[in-house]
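A short worksheet on the structure shown next.
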Amino acid sequence: MENVDVTRMFQQVADLLELHGENQFRVRAYRNAARTLESLPTRVAELVAHDGKSLAKLPGIGKDLAGKITEIVTTGHCAVLDELLTEIPKGLLDVMAVPGLGPKRAKAIHDVLGVSTLAALERAARTGKLHTVRGIGQLIERRVIDGIAQRRQQTGRILLAEADALVAPLLDHLRGARGLVQLEVAGSLRRRRETVGDLDLLASARPGNDLAKRFVAYPDFARILARGTTRCAGELRRGLQVDLRVVRPASFGAALHYFTGSKAHNIAVRSIARAHALKINEYGVFRGSRRIAGTTEQQVFRSVGLPYIPPELREDRGEIAAARARRLPELVELGDLRGDLQMHTSATDGRSTLAEMVAAARELGREYIAITDHTRVLRVTRGLDRKGFTRQRRLIERLNERGDPPVVLWGAEVDILEDGTLDLDEATLAELDLVVAAVHTHLEMPRVAMTERVVRALRHPHVSILGHPTSRLLGKRAPIAIDVERVIAAAADTGVLLEINAQPDRLDLDDVYARAAREAGAGLVISTDAHHVGELRYLRYGVDQARRGWCEARHIANTLPLRSLRGRLRR
Ligand code: DGT
Ligand code: CA
Ligand code: CA
Ligand code: ZN
């Protein structure tokens, strides 16, 4: 049981209590506890193992909740949650999870319209009945329709970051198998696609190994789907399938290439092999019946006259032609990045203080960071005005005077208003070290107007970066309607940098647009948009997508030393 599991259970208890119309204090107690666990640096399982007492001393967690945590960690269940779950129609849980709804609104919709399934909800929204419920406007109705459509498209796929979190303990578990030689992740997870459909693992092992036994004993499986010496499969409690293939060490490279895919890439490589009178499959590269390669992926590529192609490029999007011409890009790496140019603090909607963010960035070796809190229009985030930013400037100057890294830039994430003007006074805009402009409101504007709005903001002389350019949320919200090609052209023209937002559910720009930006000569930055110290590590997810977008270090402005970067910020 990891902290995230306990957090998820507590959040669910809170949601269900709220759905029942229970006492607000009880609801809040579970939410506060969930928040504490979420940012706890130690594993609760460890705290429970050592002594139960330290748990009860954590903020927001008393004796009662400490008992619940111990119950979850030791039994894997939470009796309160199980009981609540039996009392509620299952479909109502789906309704509650639709973006824009949540427990309170789900309850109102259920009470007024009798809606208790996703299908009924969609019908109510499409027929315009939903917004007759008190507290639900036409905008929410629209979001519900979009949210359901979006979910349908995404069903069964999970975020790359979630897949990373699920696969790590499984790999640790499998490494304990007897006779194991090599173990690697394959499939879309290895190619670092933004979402993955299932987890593909590949192992090589000696005869007499106990990998299959080890695999089926993994405690997080809800079901075992296959158990054999060459293939095992199971379904995680989270609902995700895991495939494990086991091959001989002599076939490992060929199998890794095969199961990494993509399918389109494999087909293209195989057709080159045919032209060389070779045959490639998951066991090796063959001339007639003689195996000529297969131990490593390098060998496989070499056998068809190609240099090694990094997994992120294997989508049959021109990588084979580029490899043949010896013109593969030298992809940007996490270590190339020197700074992080978007993050929030507890002055607005962040959950860590300025000092905490700076200290955490120092730990991660960042040379510079930009603090970019929100502006006024975003009421929910308690955005700052000139006075608020000026106060923050003094705090930042004081930190910088100490001379410890990172250098802290004084920035803002400024809202692009409906007409393309910016939500901050000109004097402050002119003084800031860096301005990230972004769209957060009026997301439903038609494409032409939205494009005009954003392009107008790019022409503002003090805008440095366009943040999360399509404002999508993977699995929750479709991208805004906007002509991204035109935005890219305007960015190339004005010198505004385009952000690859590294939040796992944003990844915005995505890989395809990042590549388009690169080709159009627009500069890019990779930023975490962290709202908590723990999120400063998300930078790698932005790097993954930049790599999938064929970007080299020279295309990413925050690989530059600060002095050169400043020259790129239009200040
Ligand atoms: P996913 O799971 O939808 O995120 O995407 P992948 O790429 O992981 O796809 P998956 O899990 O169906 O298969 C893993 C890899 O196995 C895939 O990338 C290439 C290889 N593969 C699967 N089926 C075929 C096939 O019919 N032909 C070829 N050439 N390769 C295949
Ligand atoms: Ca897969
Ligand atoms: Ca698979
Ligand atoms: Zn934003």
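The values are calculated or read from the model by the stated rules, or taken from the named source; none is laboratory data. Treat the numbers as computed from the prediction; the structure is a model and nothing was measured. We place every Cβ from the backbone using ideal geometry, glycine too, and count neighbours over all the protein chains shown.
Name the residue, out of 399, 409, that is under 23 Å from residue 561 (Cα atoms), among the hydrophobic types (A, V, I, L, M, F, W, C) and crowded, with 21+ Cβ neighbours inside 10 Å.
On the way: 399 fails: crowded, with 21+ Cβ neighbours inside 10 Å.
Just a single option satisfies the conditions, and that option is 409.
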Going through region 1-31 in order, the residues found to be among the hydroxyl-bearing types (Ser, Thr, Tyr) and either crowded, with 21+ Cβ neighbours inside 10 Å or in a loop (DSSP other than H, G, I, E, B) (or both) are 30
Does residue 277 satisfy the criteria of being in a loop (DSSP other than H, G, I, E, B), more than 11 Å from ligand 1 (Cβ to nearest atom) and not hydroxyl-bearing (Ser, Thr, Tyr)? yes
Among 539, 498, 434, 507, which is the only one that is closer than 22 Å to residue 366 by Cα, within 16 Å of ligand 1 (Cβ to nearest atom) and not basic (Lys, Arg)? 507
Condition (residue is without any contact (Cβ under 8 Å) to a residue 40 or more places away in the chain, outside any helix (DSSP H, G or I) and farther than 19 Å from residue 175 by Cβ) applied to region 214-223: is it met by at least one residue? yes
Would you check which residues across region 92-110 are surrounded by fewer than 21 Cβ atoms within 10 Å (Cβ to Cβ) and part of a loop (DSSP other than H, G, I, E, B) and list them? 99, 100
Is it true that some residue in region 479-498 is within 23 Å of residue 157 (Cα to Cα) and either within 16 Å of ligand 4 (Cβ to nearest atom) or in contact with a Gly (Cβ under 9 Å, 6 or more places away or on another chain) (or both)? yes
Could you grab me the full set of residues in region 175-189 that are in contact (Cβ under 8 Å) with a residue 24 or more places away in the chain, surrounded by fewer than 21 Cβ atoms within 10 Å (Cβ to Cβ) and touching a strand residue (DSSP E or B) at 6+ places or on another chain (Cβ under 8 Å)? 177, 179, 180, 181, 182, 184
Those residues of region 410-421 which are more than 25 Å from the chain's Cα centre (by Cα) and in a strand (DSSP E or B), in sequence order: 410
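Does residue 197 satisfy the condition of being farther than 12 Å from residue 311 by Cβ, within 14 Å of ligand 3 (Cβ to nearest atom), assigned by TED's automatic domain parsing to the domain that holds residue 224 and not charged (D, E, K, R)?
Working: farther than 12 Å from residue 311 by Cβ: yes; within 14 Å of ligand 3 (Cβ to nearest atom): yes; assigned by TED's automatic domain parsing to the domain that holds residue 224: yes; not charged (D, E, K, R): yes.
When the stated conditions are applied, residue 197 passes them.
Any residue at all in region 50-59 that is in the same structural domain as residue 146 (by TED's automatic domain parsing), among the basic types (Lys, Arg) and surrounded by fewer than 16 Cβ atoms within 10 Å (Cβ to Cβ)? Reasoning before the result, please.
From region 50-59, those in the same structural domain as residue 146 (by TED's automatic domain parsing) are 50-59; that's our starting set.
From what's left, among the basic types (Lys, Arg): 53, 57.
From the residues that got through so far, the ones that are surrounded by fewer than 16 Cβ atoms within 10 Å (Cβ to Cβ) too are 53, 57.
The answer is yes, given that some residue of region 50-59 is in the same structural domain as residue 146 (by TED's automatic domain parsing), among the basic types (Lys, Arg) and surrounded by fewer than 16 Cβ atoms within 10 Å (Cβ to Cβ).
Residues of region 428-463 being of a type in the set (Lys, Arg) and in contact with a helix residue (DSSP H, G or I) (Cβ under 8 Å, 6 or more places away or on another chain), which ones? Working first, answer last.
Our first condition is that a residue be of a type in the set (Lys, Arg); within region 428-463, this holds for 447, 453, 456, 459.
459 - this is the single residue of region 428-463 that is of a type in the set (Lys, Arg) and in contact with a helix residue (DSSP H, G or I) (Cβ under 8 Å, 6 or more places away or on another chain).
Take region 252-280 and flag every residue that is more than 16 Å from ligand 2 (Cβ to nearest atom), farther than 25 Å from residue 180 by Cα and without any contact (Cβ under 8 Å) to a residue 40 or more places away in the chain.
Of region 252-280, the ones more than 16 Å from ligand 2 (Cβ to nearest atom) are 252-254, 267-280.
Next, from what is left, pick out any that are farther than 25 Å from residue 180 by Cα: 267-279.
Residues satisfying the conditions are 270, 271, 273, 274, 275, 276, 277, 278, 279.
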Residue 121 is checked against (1) part of a helix (DSSP H, G or I); (2) at pLDDT below 90; (3) farther than 30 Å from residue 263 by Cα; (4) within 29 Å of the chain's Cα centre (by Cα) and fails just one. What number does that condition carry? (2)
Being over 17 Å from residue 239 (Cα atoms) and part of a strand (DSSP E or B) is the filter; apply it to region 152-200 and report the residue that is nearest to ligand 1 (Cβ to nearest atom). 186
When region 318-352 is checked residue by residue, the ones that are surrounded by fewer than 18 Cβ atoms within 10 Å (Cβ to Cβ) and either without any contact (Cβ under 8 Å) to a residue 60 or more places away in the chain or hydrophobic (A, V, I, L, M, F, W, C) (or both) are 318, 321, 322, 324, 325, 326, 327, 334, 335, 346
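In region 173-194, which residue that is closer than 26 Å to residue 550 by Cα and in contact with a Ser or Thr (Cβ under 8 Å, 6 or more places away or on another chain) is nearest to ligand 2 (Cβ to nearest atom)? Outline the logic, then answer.
Filtering region 173-194 down to residues closer than 26 Å to residue 550 by Cα leaves 184-194.
Retained after the next criterion (residues that are in contact with a Ser or Thr (Cβ under 8 Å, 6 or more places away or on another chain)): 186-188, 190-191.
Details: 186: 8, 187: 3, 188: 5, 190: 9, 191: 9 Å.
Per the criteria, the residue is 187.
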